[in-house]
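Participant: Take a look at this one; I'll ask things after.
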Amino acid sequence: TYVYCQKSNDHVLQRDCYSGQKSRHLVKMMSLVLPNGYVLDIIGPFYGKNNDARITKEILHTCTDLSVLCEEDD
């Protein structure tokens, strides 16, 4: 999910929030959804410059409680 935002006066924040794919400034929210459609959690916000792979790695490193939901080689 994308949350679009206006350009910031802070140059560093402006660069972090810019998404080259969407050509806009935004922050991303990631949803953890079970196969039956139940929304387990919504995690974020993440800068627009981060791709989904980088966000997934960050989630797996910071949310250690997810290991009980995962099996070996998931």
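Participant: Out of the residues in region 1-31 that are over 22 Å from residue 59 (Cβ atoms) and of a type in the set (S, T, N, Q), which is farthest from the chain's Cα centre (by Cα)?
Facilitator: Looking at the filtered set, the residue picked out is 9.
Participant: Please work out which one of (1) open to solvent by 50 Å² or more (accessible area, probe 1.4 Å); (2) farther than 18 Å from residue 70 by Cβ; (3) touching a residue at least 24 places away in the same chain (Cβ under 8 Å) is the condition residue 31 fails and give its number.
Facilitator: The failed condition is (2).
Quick grid of which residues meet (1) under 20 Å from residue 2 (Cα atoms); (2) under 9 Å from the mean Cα position of the chain (by Cα); (3) modelled with pLDDT of 85 or more:
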| site | (1), (2), (3) |
| --- | --- |
| 33 | yes, no, yes |
| 46 | yes, yes, yes |
| 55 | yes, yes, yes |
| 59 | yes, yes, no |
| 64 | no, no, no |
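Participant: Also: Quick check on this structure: which one of 60, 13, 34, 40 is among the aliphatic types (A, V, I, L, M) and in contact with a helix residue (DSSP H, G or I) (Cβ under 8 Å, 6 or more places away or on another chain)?
Facilitator: Details: 13 fails: in contact with a helix residue (DSSP H, G or I) (Cβ under 8 Å, 6 or more places away or on another chain); 34 fails: in contact with a helix residue (DSSP H, G or I) (Cβ under 8 Å, 6 or more places away or on another chain); 40 fails: in contact with a helix residue (DSSP H, G or I) (Cβ under 8 Å, 6 or more places away or on another chain).
None of the other options fit; the residue is 60.
Participant: Hey, another quick one. Test each condition in (1) open to solvent by less than 90 Å² (accessible area, probe 1.4 Å); (2) out of contact with any Phe, Trp or Tyr (no Cβ under 7 Å at 6 or more places or on another chain) for residue 17 and report the one that comes out false.
Facilitator: (2)
Participant: If you take the residues of region 1-14 that are farther than 17 Å from residue 51 by Cα and open to solvent by less than 60 Å² (accessible area, probe 1.4 Å), which of them is modelled with the highest pLDDT?
Facilitator: 5
The values are calculated or read from the model by the stated rules, or taken from the named source; none is laboratory data. Just so it is clear, the model here is predicted, and its values are computed rather than measured. When we count neighbours, we look across all protein chains shown, and the Cβ atoms used for this are built from the backbone with ideal geometry, even at glycine. The accessibility values were calculated without ligands, DNA or RNA, using every heavy atom of the protein model including side chains. Shrake-Rupley method; radii C 1.70, N 1.55, O 1.52, S 1.80 Å.
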